[in-house]
1. Collect the residues in the stretch 66-86 that are open to solvent by 80 Å² or more (accessible area, probe 1.4 Å), in a loop (DSSP other than H, G, I, E, B) and closer than 16 Å to residue 41 by Cβ, keeping them in residue-number order.
2. Being among the β-branched types (Val, Ile, Thr) and either part of a loop (DSSP other than H, G, I, E, B) or touching a helix residue (DSSP H, G or I) at 6+ places or on another chain (Cβ under 8 Å) (or both) is the filter; apply it to the stretch 34-43 and report the residue that is nearest to residue 81 (Cα to Cα).
3. From the residues in the stretch 46-65 that are of a type in the set (A, V, I, L, M, F, W, C) and closer than 22 Å to residue 36 by Cα, which one is most open to solvent (accessible area, probe 1.4 Å)?
4. Taking the stretch 44-64, which residues are in contact with a helix residue (DSSP H, G or I) (Cβ under 7 Å, 6 or more places away or on another chain) and in a loop (DSSP other than H, G, I, E, B)?
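The values are calculated or read from the model by the stated rules, or taken from the named source; none is laboratory data. Please read all numbers here as calculations on a predicted model, not as lab measurements. Here the Cβ positions follow ideal geometry from the backbone for every residue, glycine too, while neighbour counts run over all protein chains shown. Only protein heavy atoms, including side chains, enter the accessible area calculation; ligands, DNA and RNA are left aside. Shrake-Rupley method; radii C 1.70, N 1.55, O 1.52, S 1.80 Å.
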Amino acid sequence: MEKFLKTRKSKSISFLINPFCLVYFSFILLSSFYTNAAIRFVKPVATGTGDGSSWENASSDLQTTIDASALNDEIWVAAGTYKPTA
């Protein structure tokens, strides 16, 4: 009888571990979708390639950078005056 109880107990523990693992790995999988967010850089005067990929390659067109951004992207804007282009 004692052997049966030990076996029964170990099954209940593995039952509790499996859903936890499922939730944990689901969280890891879903969080990987949010790690692809980009940081875009804008300065009053474009530098480097002007693609906004870094401060060295900062874009000068704030609106174009906003339009090119996706959900969860960040736009870092240097101090300065920005005027809309007509």
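1. 79
2. 42
3. 55
4. Once the filter is applied, which keeps residues that are in contact with a helix residue (DSSP H, G or I) (Cβ under 7 Å, 6 or more places away or on another chain) and in a loop (DSSP other than H, G, I, E, B), the stretch 44-64 yields only 52.
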